[in-house]
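The values are calculated or read from the model by the stated rules, or taken from the named source; none is laboratory data. These numbers were taken from a predicted model, which means no experiment stands behind them. Because the Cβ atoms are built from the backbone with ideal geometry, glycine has one as well, and the counts that use them run over all protein chains shown.
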């Protein structure tokens with residue numbers, strides 16, 4: 001778990017994207033997104049209601065597992081935090097045999113963004129959609145909660 005950057009935008013939606021890839025020697029690369037398009041950039045759809053903020057996983061371009069439509073993950077009341085985990089297999093254009101895998105851990109909160117936000121809060125909701133990326137059924141993971 002990493003702290004959020006010190007200098008965060010003062011916006012209703014702020015995203016902190018941390019990636020590590022083999023082409024970059026697995027060094028951490030960080031980006032901060034904000035504004036109305038930040039959630040979409042991180043493959044999430046957000047909607048407000050009287051109950052809080054409902055979070056959906058947006059469709060991806062993954063080859064496996066295919067996510068054709070938005071999938072409801074959870075609703076966050078004010079002050080609540082959540083964690084969404086997923087993994088995917090992607091393919092480049094049809095002209096190459098370029099494949100890659102991504103594993104996502106998305107921490108999200110209905111709270112003001114501060115550097116210690118996810119270090120100080122225990123997720124109220126946890127959704128684990130990780131799968132065996134070769135298509136076989138994988139055994140249930142232990143220690144993983146799935147609450148809605």
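For the reader, a short list of remarks on this structure follows.
- The condition of being over 17 Å from the mean Cα position of the chain (by Cα) and surrounded by 12 or more Cβ atoms within 10 Å (Cβ to Cβ) holds for only one of 8, 73, that being 8.
- For segment 1-97, the strands (runs of 3 or more DSSP E) that sit wholly inside it and include 1 or more residues that are closer than 20 Å to residue 125 by Cα are 14-19, 44-49, 52-57, 71-76, 81-91.
- Checking each residue in segment 44-69 for being within 23 Å of residue 12 (Cβ to Cβ), in contact (Cβ under 8 Å) with a residue 24 or more places away in the chain and surrounded by 15 or more Cβ atoms within 10 Å (Cβ to Cβ) picks out 44, 45, 46, 52, 53, 55, 57.
- Considering residues of segment 98-114 that are farther than 19 Å from residue 56 by Cα and not in a loop (DSSP other than H, G, I, E, B) only, the residue modelled with the highest pLDDT: 101
- Condition met for residue 88 (crowded, with 17+ Cβ neighbours inside 10 Å, under 13 Å from the mean Cα position of the chain (by Cα) and farther than 23 Å from residue 26 by Cβ): no
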